[in-house]
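The values are calculated or read from the model by the stated rules, or taken from the named source; none is laboratory data. Quantities reported herein were computed from a predicted structural model and do not represent experimental measurements. We place every Cβ from the backbone using ideal geometry, glycine too, and count neighbours over all the protein chains shown.
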Amino acid sequence: MKMSKMFVQTLREFPSDAEVISHKMLGRAGFIKKLAPGVYTYQPLMWKVLKKIENIVREEMDRAGAQELLMPFVQPKELWEESGRWEVYGKELMRLKDRHDRDMCLGPTHEEIITSVARDGLKSYKQLPVNLYQIQSKFRDEIRPRYGLLRGREFIMKDAYSFDIDEAGLDKEYENMAQAYKRIFERCGLDTKMVQSDSGAIGGSVSHEFMVITDTDAGENDVFYCNECDYSANSNHAISNLPETVVDGKDFFKETKVIDTPNTHSIEDLCKFLNIPSTIILKTLVYIVDKKPVLALIRADKAVEETKLMNAAGGIDIRIASSAEIAELMAEKGFDAVPGFIGPMKDVKIIADETVKDLKNFVVGVNQTDKHMVGANLSDLAVELEYADIRLVERGELCTQCGKPLQVTKGIEVGNIFKLGTKYSKPMNAVYTDINGKTHPYVMGCYGIGISRTAAAAVEAHYDEHGIKWPIAIAPYHVVIVPVNIKDELQMKTANEMYEKLQSAGIEVVLDDRDERAGVKFKDADLIGFPYRVTVGKTINEGFVEFKVRETDQQEKYTPDKATEILIENIKKAVL
Ligand code: ATP
Ligand code: MG
């Protein structure tokens, strides 16, 4: 490709709405163009990167025994009603009507469609197991589309679905996919961590996420991990043991009574007022889960993990209650307490964290402003509690596997593997017939990779102040050749010869034949992130070209033939 003909516009500035590195770099280097929030044109350079990632994914999925198909973007409501998701998916689902006023949606994921495809085609145990996958655009009306390709409303995903006769089959395929994912991300030049993750309210399911660990703002997930053993989990699923601390208030309170605690609106105020540690306070928080209030009880020095609480409450949507909603709840129950003084109450769902069981002689709100009960025990609460782990793990708490302190880091989720079991096959009556003629729902798994997110994550992991440093396997081109002065005959002749030799060896090479200053060309080369740059300048008069490795900044002088040979050898080794 000649740079003078390449459809690319590099910009002087980062896009004004870009907050994270990958969005800034991909925008400025001319890889993406925004059409609407979360909706981008993949310009030719970007499309080359995406196709490379797709091809790695395709090769590894095929190698793992999966078969590629392509399902429609446009999906009829009826299938989503069969699974029960038309109602619950909410606003993220992009809905539309056809000319006959029929409800349809643009696929955010394809469990419903693939399950209907399978039930028509996979009738007998003899046809199983099967794993089907596709690579295509997905549509999700994300509440906060942001970070460029990391959280789009239209984005490219690989989604695969496996069908087995039993759990043992699913377990095997799940492991097969985990191995395929490891190979995929490794080949893309990405270091990933496979971490345990939330699998929603369906009991017993297992899921893992593949995280690109990053210290940039783009890491939307907190990942807890142990340096001693192999434990690692997304914060929405992480568990820990707590270091020993005071959880019995017997040294502070000799009897159980309600006392005045004026103006103690915060835990800090209350600790100061009573001169106690926060570990012996039972905190009550009001959440709204699927539009209904739920009280969460937790030790006051700990925080609630909302996904855990939502799952424990059996919901699909959660948020903290507003002050108006809290006031409304208080009025409804006949209390006058303001936040800070709320406590357990009857006829509201209450979920207490497991660690609440250990509390004794504690302090708790009694739904009266400026009052708390002290020296309280669980039996004094006179309400029905459900227990669950709803606690947000914190750094330094102890690994449940080996007892060592847990570490935390940020991660970008690029892939996800999930044991669905019969979540879709049962309600959609998608069954196979066993050897005795009996029917059973398929045991399913699903496996996603965000293709466009992976590309952006690669930028988050490989960049410097000058631009992108593409891992070679997914770089749009491998090499750029920069003749310093295009009017210099020897320089152009050498550049052209190298260009042709590299091309005929199958190397993807760009010749920067623009009549620009060398500085401009170097800047663009660094910004776009070509893994190798060959500069043909004055030194060619002594028979040498300059060779630069973008990743390491290492520079060498070689004869054009030697440079060509090294490039072919290095690139062939790296991309296979
Ligand atoms: P997230 O928690 O980040 O919203 P998710 O759990 O909704 O992700 P899945 O439904 O598991 O994601 O989708 C599979 C993969 O698709 C994810 O691992 C991620 O790489 C990618 N993905 C999901 N949502 C988006 C998005 N809005 N933009 C780009 N990629 C996405
Ligand atoms: Mg999501």
*When segment 356-385 is examined, which residues are found to be in contact with a strand residue (DSSP E or B) (Cβ under 6 Å, 6 or more places away or on another chain), within 13 Å of ILE298 (Cβ to Cβ) and surrounded by fewer than 20 Cβ atoms within 10 Å (Cβ to Cβ)?*
LEU385
_Given (1) part of a strand (DSSP E or B); (2) basic (Lys, Arg); (3) closer than 30 Å to GLY365 by Cα, index of the condition LYS158 fails_ = (3)
*Applying the selection to segment 531-569, what residues are assigned to a helix (DSSP H, G or I) and in contact (Cβ under 8 Å) with a residue 24 or more places away in the chain?*
LYS538, ILE540, ASN541, PRO560, ALA563, THR564, LEU567, ILE568
*Could you list, in sequence order, the residues of segment 350-371 that are closer than 20 Å to VAL294 by Cα and part of a helix (DSSP H, G or I)?*
GLU354, THR355, VAL356, LYS357
*Taking segment 110-135, which residues are within 12 Å of ligand 1 (Cβ to nearest atom) and surrounded by fewer than 18 Cβ atoms within 10 Å (Cβ to Cβ)?*
none
*Does SER425 satisfy the criteria of being within 33 Å of the chain's Cα centre (by Cα) and part of a helix (DSSP H, G or I)?*
no
_Pull out all pairs, ordered by first then second residue, where Cβ-Cβ is under 7 Å, the residues are six or more apart or on different chains, the first lies in segment 220-239 and is under 13 Å from HIS208 (Cβ atoms), and the second is of a type in the set (D, E, K, R) and not in a strand (DSSP E or B)._
ASN234/ASP198; ASN236/ASP198; ASN236/GLU305; ASN236/LYS308; HIS237/ASP198
*Please state which one of ASN377, ASN416 is at negative phi and within 16 Å of ligand 1 (Cβ to nearest atom).*
ASN416
*So how many residues does segment 457-486 have that are assigned to a loop (DSSP other than H, G, I, E, B), touching a residue at least 60 places away in the same chain (Cβ under 8 Å) and of a type in the set (D, E, K, R)?*
1
*Which condition number in (1) more than 29 Å from ASP222 (Cα to Cα); (2) β-branched (Val, Ile, Thr); (3) without any contact (Cβ under 8 Å) to a residue 60 or more places away in the chain is the one that VAL286 fails?*
(1)
*Looking only at segment 56-67, and only at residues there that are part of a loop (DSSP other than H, G, I, E, B) and under 24 Å from the mean Cα position of the chain (by Cα), the one that is nearest to ligand 1 (Cβ to nearest atom)*: ALA66
*Could you tell me which residue of segment 152-171 is farthest from SER137 (Cα to Cα), considering only residues that are surrounded by fewer than 21 Cβ atoms within 10 Å (Cβ to Cβ) and in contact with an Asp or Glu (Cβ under 8 Å, 6 or more places away or on another chain)?*
ILE165
*Sort out which residues of segment 524-569 are surrounded by fewer than 18 Cβ atoms within 10 Å (Cβ to Cβ) and either acidic (Asp, Glu) or in contact with a Pro (Cβ under 9 Å, 6 or more places away or on another chain) (or both), and write them in order of number.*
GLY537, GLU542, GLY543, VAL549, GLU551, ASP553, GLU556, ASP561, GLU565, GLU569
_From ARG12, ARG102, residue being surrounded by fewer than 19 Cβ atoms within 10 Å (Cβ to Cβ) and touching a residue at least 24 places away in the same chain (Cβ under 8 Å)_ = ARG102
*Run LEU149 past the list (1) in a strand (DSSP E or B); (2) near ligand 1 (Cβ under 9 Å from one of its atoms); (3) of a type in the set (A, V, I, L, M) and report the number of the one that doesn't hold.*
(1)
*Qualifying positions in segment 122-142 - away from ligand 2 (no atom under 16 Å from the Cβ) and of a type in the set (Ser, Thr, Tyr)*: SER124, TYR125, TYR133
_So for segment 285-292 (the condition being in a loop (DSSP other than H, G, I, E, B) and basic (Lys, Arg)), does at least one residue qualify?_
yes
*For segment 68-108, name all the residues that are in a strand (DSSP E or B), within 16 Å of ligand 2 (Cβ to nearest atom) and out of contact with any Asp or Glu (no Cβ under 6 Å at 6 or more places or on another chain).*
CYS105, LEU106
*Right, GLU112: more than 16 Å from ligand 2 (Cβ to nearest atom), assigned to a helix (DSSP H, G or I) and either under 19 Å from PRO72 (Cα atoms) or at pLDDT 95 or above (or both) or not?*
yes
